[in-house]
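Encoded as structure tokens, the structure appears first; notes follow it.
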Amino acid sequence: MRKIVALPGDGIGKTVLPESIKVLEAVGFQAEYINGDIGWDFWCKEGNALPQRTIDLLKEHKIGLFGAITSKPKDAADKELDPSLQGKGYTYFSPIVGLRQKFNLDICIRPCQSFKGNPLNFIRYGAGNTIEEPVVNAVIFRQNTEGLYSGVEWTNPPKVVRDAFETHPKMKSFSHVPNEELAISTRIVTKKASERIIRAAFEYAKSFGYKNVTICEKPNVLRETSGMMFKIGKQIAKEYPDIQLWDTNIDAQMMWLTKNPEIYGVIVAENMFGDIISDGFAGLIGGLGFACSANIGEEVAVFEPTHGSAPKYQELNPSIVNPIAMILSACMMLDHIGEKEKADNIKNAIAKVIEEGKVKTYDMMKLKGGPDVFKQGACTTQEMTEAIIAEL
């Protein structure tokens, strides 16, 4: 029997992860779920949000199903650390970022697919004031370990760093800035990682029938880093003559989101740009309650919804949160391990529940979150899960 490392994490992660496991069991997927310690509680108690024992579990079993984490600014994190650990050099670091870097989970895949009947779907005005609801089916490939999120940055940079940067002529504009008033962040892009994610995007397009791959960057300004990605994209595209290569600038792409989102298939971007564009597309399909993702390395893969831990909703009983993003993340896990039929069955069940419109979470009803949403007809988290299982 396959073993899956279950990583509930913080806040609503502890609520939605068990719901996804219920659906996996209902579709006939047999696995043993091994709990992994991760998140804010372990930072506060141990000074480490990603304990070594959890890393060891993923090393052994290769697949993780992840809920959500809470992250707070440095000062707040330090205050919540157990008093016996304070002042001993512990530094909070996001455990999901830690997992990505530890296991080189460099390919992040974020499908953004609209479901017929979802009241949160994007609509626009067409000719003659007609209302159009474009079918959105974009998949964002976000480079997960490099770019602006690589973490190579300084405030009050050491002399050797500043001296190195000042060899670049553009640094002349900052020569008058005192070191203590200067912060530097680097954008790192490598050929190997760019080739890997762009090729993965083309392979995905080929496997799932997409007709175009778009590299969404900013090469007119970020000439070296974005320029490298686009150059590699053109080289790889020659191997896939049936798939068009498009390129867009990130700022223009965000404008075009509401103009013609239905024309885009697979989109590739650096870490920060991929983060931005995937959230933009998620907004067109109903928001983060429907946004799933995969973090895939050469050996280990972790699947997670892209929403946060939403601690303000954690204590609500019954729960109001939408479990669909978590369940769709479980579907991505099934696809990854070769259980495509089971994944498709779950997705079809979700589509039927949404199209029928009898069971809706508070976000689908456009309500402000709170315990009173049930009086207005919203379902509980568990009722949404039960409706999906009933369709299965």
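Within the set 59/191; 62/312; 14/88; 102/192, which residue pairs have Cα atoms separated by over 21 Å?
On the way: 59/191 26 Å; 62/312 32 Å; 14/88 30 Å; 102/192 17 Å.
Correct reply: 59/191; 62/312; 14/88.
By how many nm would the segment from residue 30 to residue 75 grow when fully extended, if each residue of separation counts as 0.36 nm and the alpha-carbon distance is taken off? Please report the intermediate quantities before stating the final value.
Details: separation 45, 0.36 × 45 = 16.20 nm, distance 4.36 nm.
Length difference between fully extended and current span is 11.8 nm.
Applying a 10 Å radius around every beta-carbon, put 112-125, 31-44 in order of their mean neighbour count, most first.
Numbers: 112-125: 16.8, 31-44: 19.1.
Ranked from most to least packed, the peptides come out as 31-44, 112-125.
Using the alpha carbons of segment 125-247, what is the convex hull volume per residue in cubic angstrom, as a whole number?
Values: hull volume 22.4 nm³, N = 123.
So the per-residue hull volume is 182 Å³.
Can you pull the one-decimal nm distance between simple spin-label points at residue 392 and residue 60, each 7 Å off the Cα toward Cβ?
2.6 nm
Could you size up the charge dipole of segment 1-158 around its Cα centre, putting +1 on the beta carbon of Lys and Arg and -1 on that of Asp and Glu, and report it in debye to the nearest 20? Working shown, then result.
Working: 18 positive and 18 negative charges, 50 e Å.
Once rounded to the nearest 20, the dipole reads 240 debye.
Whole-Hz ³J(HN,Hα) for each residue in segment 17-28, computed from phi via Karplus 6.51 cos²θ - 1.76 cosθ + 1.60 with θ = phi - 60°, x for glycine and proline: what do you get?
So the J values, rounded to whole Hz, are 4, x, 5, 5, 5, 4, 5, 4, 5, 5, 7, x.
If we sort 310-318, 11-19 on the protection proxy, mean other Cβ atoms within 10 Å, highest first, what's the order? Please list the in-between numbers first.
Values: 310-318: 13.9, 11-19: 23.7.
So the order, starting with the most tightly packed, is 11-19, 310-318.
Could you compute the FRET efficiency for residue 203 and residue 132, with r as their C-beta to C-beta distance and R0 at 30 Å, rounded to 0.05? Let's see the in-between values first.
Details: r = 32 Å, r/R0 = 1.07.
Rounded to the nearest 0.05, the efficiency is 0.40.
Between residue 85 and residue 171, what is 0.36 nm times their sequence separation minus the Cα-Cα distance? Round to one decimal in nm. Can you show the working numbers first?
Details: separation 86, 0.36 × 86 = 30.96 nm, distance 4.04 nm.
Stretched out fully, the residue 85 to residue 171 stretch lengthens by 26.9 nm.
Restricting attention to segment 79-169, which GluC sites (Glu not before Pro) occupy a DSSP loop and are surrounded by at most 12 other Cβ atoms within 10 Å? Write down the numbers at each step before the final one.
Details: sites: 80, 132, 146, 153, 166; in loops: 146, 166.
The qualifying sites: there are none.
Just tell me which aspartates and glutamates come within less than 14 Å, Cα to Cα, of residue 72; anything on the same chain fewer than 8 places away is out.
Leaving aside aspartates and glutamates fewer than 8 places away in the same chain, those within reach of residue 72 are 10, 41, 80.
Roughly how many nanometres apart are two label points built 7 Å out from the Cα toward the Cβ at residue 113 and residue 179?
Inter-label distance under the simple model: 5.4 nm.
Obtain the nm distance between the two label points defined at residue 190 and residue 356 by a simple spin-label model: each point lies 7 Å from its Cα along the Cα-to-C-beta direction.
5.0 nm
How large is the dipole of the chain about the Cα centre if only Lys and Arg carry +1 and Asp and Glu carry -1, each at its Cβ, rounded to the nearest 20 debye? If you can, show how the numbers build up before the last one.
Working: 45 positive and 49 negative charges, 135 e Å.
For the chain, the charge dipole is close to 640 debye.
Throughout, read-outs are computed from the coordinates displayed, never taken from laboratory work. If you're wondering where the values come from, they're calculated on a predicted model, not measured in any experiment. No Cβ is skipped: glycine too gets one built from the backbone with ideal geometry, and neighbour counts run over all protein chains shown.
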